[in-house]
Structures are given as structure tokens and as C-alpha cells.
1. Given Ile139, Ile120, which one is within 17 Å of the chain's Cα centre (by Cα) and closer than 22 Å to Met50 by Cα?
2. What number goes with the only condition from (1) on the phi < 0 side of the Ramachandran plot; (2) modelled with pLDDT of 95 or more; (3) open to solvent by less than 70 Å² (accessible area, probe 1.4 Å); (4) out of contact with any Cys (no Cβ under 7 Å at 6 or more places or on another chain) that Tyr173 does not pass?
3. Could you list all residues from the range 78-106 that are more than 18 Å from Gly31 (Cα to Cα), in contact (Cβ under 8 Å) with a residue 60 or more places away in the chain and open to solvent by 70 Å² or more (accessible area, probe 1.4 Å)?
4. What single numbered condition from (1) open to solvent by less than 40 Å² (accessible area, probe 1.4 Å); (2) basic (Lys, Arg); (3) over 25 Å from Thr108 (Cα atoms) fails to hold for Lys186?
5. State yes or no: is Glu114 open to solvent by less than 30 Å² (accessible area, probe 1.4 Å) and either touching a strand residue (DSSP E or B) at 6+ places or on another chain (Cβ under 6 Å) or closer than 13 Å to Ala138 by Cα (or both)?
6. Sort out which residues of the range 135-160 are more than 30 Å from Asn27 (Cα to Cα), part of a helix (DSSP H, G or I) and not charged (D, E, K, R), and write them in order of number.
7. Given the conditions (1) over 19 Å from Asn63 (Cβ atoms); (2) open to solvent by less than 40 Å² (accessible area, probe 1.4 Å), which single one is not true for Ala158?
8. Identify, please: which residue in the range 63-77 is in contact with a Lys or Arg (Cβ under 9 Å, 6 or more places away or on another chain) and without any contact (Cβ under 8 Å) to a residue 40 or more places away in the chain and is, among those, surrounded by the fewest Cβ atoms within 10 Å (Cβ to Cβ)?
Amino acid sequence: MTKSALAIATALLISGNVQADQSLQTNMKEGKGVIKAFFGDLKGELEKGMKQSGPVDTIASCNIVAPSLAEGHSQMSGWEVGRTSLKLRNQKNSPDAWEEAVLKEFETRKSAGEDPMKLIKAEIVEEEGRKVFRMMKAIPTAEVCTKCHGETIAEPVAAKLDELYPSDKARGYKVGDLRGAFTLKKSM
């Protein structure tokens, strides 16, 4: 290869890497906004339900509201928006292979001392021959979460969970544990 051909190839490689990095950063910024909006609406609905009718009725509401909020945010944003976990309550939220690997990575990073509030992962991957931007942000367990996801759950709450989610594994959490993650996906 001549020096000029090598220089052109190097410039193209660097240019491609810069463009990929810019695309990653742009999508991360947009994705963080999508997660913030989804989380805000979800948190608002849960807080409203807890204040108005307590945890038992909020579980029933959450069973319907959370999936419809994810669908609404997906339609508004053009992203696939959802939540997933290694310990599922709703089997429809099962992680795919990429999500499962990221959830395990988050657990490792948290164990190594990283702040669970800051755990985020984004990358451009290839799926079925097309480029896809994937992003996940950890959901740490807060005190209010333990009413329905904690180590000790009040009997009427546990009974409602058993009724609505017979395969529920999303219990036994302590404050600060990783409850799961928000997950986003968008074709490039």
C-alpha cells in the first residue's frame, strides 16, 4: 500500500470511528431523555396510586398502567421502551441475551463499588443484519419499592401479587439492590 493510500485509509477509519462515537453520544443523550420521561410518568402514577388507595390497589393499577406507559413512550419517541430484570414479576419483561448480560454486568459493577444510580450502558450492536442502538439504565431499589418488592411484604399485598403475578420472582430486595433496568432500543 502506498503512503497516500495508507493515509486515506487511516483518515477514513478515524472519520468512521468519530462518526460512530458522535452517533453513540447523540443517541445516549436522547435515550436518557426518553428514560427520564418514562420514569417520571411511571413514578408519578405509582405515587398517586399509593397516596389515593395504598399498595394493594396500586399493584392492580401497575399491572395495567406500567405496560401502557411503556407503549405510549415507545410510540411518542420512536424507541422500544421497557423494563427488565433478572428477577421478574411480569414474564413479558423477560430480558433478551443482550439485556441479561448487561444486568449481570450492572450487578458486577455495583459489587465493585459503582453507584447504582449511575449504572448505564449503551452501544451499537448488529441484530439480524442491521445496526441497532441499545441502552439500559439501572433501577436501584428505593424504600418505597420494598412495600411490593421487599424482603417482608404485608399479607394483603402479597396476596394481590400472587393473584396478578403467579410466577413472581421480584421479591426479597433491600434498599440499594438493583431492582432491574430501563431498556431502550432503536434501529439506526
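The values are calculated or read from the model by the stated rules, or taken from the named source; none is laboratory data. Keep in mind it's a predicted model, so treat the numbers as computed, not measured. Note that each Cβ is placed from the backbone with ideal geometry, even for glycine, and that neighbours are counted across all protein chains shown. For accessibility, only protein heavy atoms count, side chains too; no ligands or nucleic acids. Shrake-Rupley method; radii C 1.70, N 1.55, O 1.52, S 1.80 Å.
1. Testing whether each residue is within 17 Å of the chain's Cα centre (by Cα) and closer than 22 Å to Met50 by Cα leaves just Ile139.
2. (4)
3. Leu86, Lys87, Gln91
4. Status for Lys186: all satisfied but (1).
5. no
6. Residues satisfying the conditions are Val144, Thr146, Cys148, His149, Pro156, Val157, Ala158, Ala159.
7. With respect to (1) over 19 Å from Asn63 (Cβ atoms); (2) open to solvent by less than 40 Å² (accessible area, probe 1.4 Å), Ala158 is out only on (1).
8. Looking at residues that are in contact with a Lys or Arg (Cβ under 9 Å, 6 or more places away or on another chain) and without any contact (Cβ under 8 Å) to a residue 40 or more places away in the chain, I get Pro67.
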